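> I have a structure I would like to understand better, so I am pasting it below and will then ask my questions one at a time.
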Amino acid sequence: LDSGMHRVGLHPDDYQAAYRRLLASGKVAKIVLMSHFARADELDCPRSVEQLALFEQARQGLVAEVSLRNSPAVLGWPQVPSDWVRPGIMLYGATPFEQAQALAAQLKPVMSLESTVISVRELPAGEPVGY
C-alpha cells in the first residue's frame with residue numbers, strides 16, 4: 001500500500017480489490033499486507049500516525065499477515081502491528097535515530113565485508129576515474 005512514501009504500492013482506493021483478485025486467482029500462496037513509513041525516524045512527526053491510520057483503513061476486513069515495521073518502527077513505534085519486520089539499517093549495526101548513540105552501541109552488525117587493496121594510483125587533480 002502506498003500510504004505516503006510515494007515510491008511504489010497500490011493506491012488505498014485499489015487495495016481491497018487487488019487483495020480480492022489475488023485471493024481469487026488461486027495462484028498466490030501467501031498475501032502479506034505491507035506499507036513503508038516515510039518518516040518513522042522522526043518520532044514527533046505526525047506523518048507516521050497518519051500513514052498507520054490510512055493503512056488500517058485500507059486493510060479493514062482483510063485477513064492476512066502484516067509487514068509495517070522498518071528499523072525506526074521496530075525501535076520507536078511499539079503500537080504498530082506487524083507479523084514481519086524489515087530491520088534495514090539495524091542490520092548494519094546502526095540506529096535510525098540521530099540522537100540514539102546509547103542504542104547504537106548496543107546494535108551489532110549481522111555481517112561484515114573485508115577486502116584487500118589491490119592497487120593504489122596517483123592521479124592529477126581533475127583526472128576522471130571510472131568504476
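The values are calculated or read from the model by the stated rules, or taken from the named source; none is laboratory data. Worth saying up front: this structure is predicted, and the values here are computed from it rather than measured. Here the Cβ positions follow ideal geometry from the backbone for every residue, glycine too, while neighbour counts run over all protein chains shown.
> For segment 35-64, which residues satisfy the criterion of being modelled with pLDDT under 95 and aromatic (Phe, Trp, Tyr)?
Phe37
> Right, something else. For residues in segment 8-46 being touching a residue at least 24 places away in the same chain (Cβ under 8 Å) and loosely packed, with under 15 Cβ neighbours inside 10 Å, which is farthest from Pro72 (Cα to Cα)?
For segment 8-46, the residue satisfying everything is Lys30.
> Name the one entry in Ala73, Ala94, Ala58, Ala105 that is among the small types (Gly, Ala, Ser), over 19 Å from Ser3 (Cβ atoms) and surrounded by 14 or more Cβ atoms within 10 Å (Cβ to Cβ).
Ala94 is the lone residue from the list that is among the small types (Gly, Ala, Ser), over 19 Å from Ser3 (Cβ atoms) and surrounded by 14 or more Cβ atoms within 10 Å (Cβ to Cβ).
> In this structure, does Glu98 turn out to be farther than 30 Å from Ile31 by Cβ, at pLDDT below 90, of a type in the set (Asp, Glu) and out of contact with any Ser or Thr (no Cβ under 6 Å at 6 or more places or on another chain)?
The answer is yes for Glu98.
> Out of all the residues in segment 4-40, which are in a loop (DSSP other than H, G, I, E, B) and of a type in the set (Ser, Thr, Tyr)?
Of everything in segment 4-40, just one residue is in a loop (DSSP other than H, G, I, E, B) and of a type in the set (Ser, Thr, Tyr), namely Ser35.
> Check Ser67, Ser115, Ser119 and return the single one that is under 21 Å from the mean Cα position of the chain (by Cα) and either modelled with pLDDT of 90 or more or loosely packed, with under 14 Cβ neighbours inside 10 Å (or both).
Ser67
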